[in-house]
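Reading through the structure tokens given below for one structure.
The values are calculated or read from the model by the stated rules, or taken from the named source; none is laboratory data. If you're wondering where the values come from, they're calculated on a predicted model, not measured in any experiment. Here the Cβ is made from the backbone with ideal geometry for all residues, glycine too, and neighbour counts use every protein chain on show. Side chains are part of the model used for accessible areas, which takes the heavy atoms of the whole protein and leaves out ligands, DNA and RNA. Shrake-Rupley method; radii C 1.70, N 1.55, O 1.52, S 1.80 Å.
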Amino acid sequence: MLEFRDIKIEDKDWIRELLSYSDYRGCEYTFGNNFIWSEPFGIKIARYKDFYIVLSEGEFFYPAGRGDFKEAVEELRAYCREQGKRLCFGSSPKSGMEFLKDTYGDGIEIYSNPDFFDYCYNYEDLATLIGKKYHSKRNFINRFIQNDWSYEEITGDNIEDCKLILEKWQEENSDTRDPSMEQEIKATEKGLDHFYDLGFKGGLLRVEGKPVAFTFGEGINSDTFDVHVEKALSDYDGTYPMINKEFVNHSCSDYKYINREEDVGEENLRKAKLSYHPAFMEEKFRIIFKD
């Protein structure tokens, strides 16, 4: 029977190996994402043969790994029956949904989950911002570069500057009363605290030596980089477009696509992500077994 437990930094190597076998593109299929969000989302993990299994808030991610996927799914069904529950995949890539549909037919219910679709962009688009559709982004950047600015990679020498930005960003947004903000702050802090252990890449933006923006992330699969966090202060116009462009240019050139994750149904976030004109949306599905 499966045994679920908390995720630990020591799990990094074997989890990343199993994730690489499936090569999924969704942001939830990264070790770093699972690790930094483990407390807010109640993430527990298990290994079944060469499959990585994630349980989050009572629902599972579709298994990642190699081998007999039906056998892994049946193992999860048996586990859920022991708990007196039906198996539910709260998030499944399209390939997983199609496999389950072909295998179980009418025995499952399938729901599209657009609030959690990931926004995926062409590397070249974000690196260059060329074309009429990026005219407003270039205008913001042109205003920003009038300042005495600099960009640098996140290192042990400047991680505390990132934490300072995060603290000020929280103060600037304290009136939003978003109940998820505290969770986001904790996840970001955990990412910074374990930055090198997790093998993240990150960038920091300064104006007149003062830290004003930072971002970090990791590769998801063979062709896609995932931006986990991006935070900027409101002191200057164009800070967000600038940190985005600089980071992509400096750290993501080995990838074809940039995943900037989901909008979780937040309208302002959706508008911001759409303004960068995604190449495609990484679809996700919720799948519930009828018995």
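Structural remarks
- Relative contact order, percent, the range 197-291 [alpha-carbon distance under 8 Å, six or more residues apart]: 21
- Length-normalised contact order for the range 52-168 - Cα pairs under 8 Å, 6+ apart - percent: 14
- Heavy-atom accessible area ranking, 1.4 Å probe, most first, across LEU274, LEU204: LEU274, LEU204
- Sparse packing (at most 13 other Cβ atoms within 10 Å of the Cβ) combined with a DSSP loop state is found for the following GluC sites (Glu not before Pro) in the range 1-82: GLU3, GLU57.
- Heavy-atom accessible area for ARG143, with the other protein chains in place and a 1.4 Å probe, reaches approximately 110 Å².
- Charged side chains reduced to their Cβ positions (Lys and Arg at +1, Asp and Glu at -1) give the chain a dipole of some 700 debye around its Cα centre.
- Positive minus negative residues near GLU267 (Lys, Arg vs Asp, Glu; Cβ under 14 Å): -2
- The angle separating the long axis of helix 159-172 from the principal Cα axis of greatest extent in the chain is about 90 degrees.
- Given charges at beta-carbon only (K, R positive; D, E negative), |dipole| of the range 19-98 in Debye: 100
- In this structure, the residue pairs whose Cα-Cα separation is over 21 Å, taken from LYS186/LYS231; LYS133/LYS273; LYS190/LYS210; LYS12/LYS256; LYS8/LYS231; LYS133/LYS168, are LYS190/LYS210; LYS12/LYS256; LYS8/LYS231; LYS133/LYS168.
- Of LEU269, ALA232, GLN170, farthest towards positive along the dipole that unit charges on Lys, Arg, Asp, Glu beta carbons give the range 156-291: LEU269
- Accessible surface of the chain, 1.4 Å probe, proportion on carbon and sulfur as whole %: 45
- Sparse-neighbourhood loop sites, trypsin sites (Lys or Arg not before Pro) in the range 19-109 - DSSP loop, at most 15 other Cβ within 10 angstrom: LYS49, ARG66, LYS85, ARG86
- Considering only alpha-carbon pairs that sit under 8 angstrom and 6 or more positions apart, the relative contact order computed for the chain is 28 percent.
- Vicinal HN-Hα couplings computed from phi for the range 271-284 (Karplus, 6.51 cos²θ - 1.76 cosθ + 1.60; Hz; Gly/Pro x): 4, 5, 6, 5, 5, 8, 6, x, 6, 6, 9, 7, 6, 9
- Projecting the Cα atoms of GLY84, ASN113, PRO63 onto the dipole axis of the range 43-164, where Lys and Arg carry +1 and Asp and Glu carry -1 at the beta carbon, places ASN113 farthest toward the positive end.
- Total charge dipole magnitude, the range 171-286, about the Cα centre, Cβ charges on Lys, Arg, Asp, Glu only, Debye to nearest 20: 280
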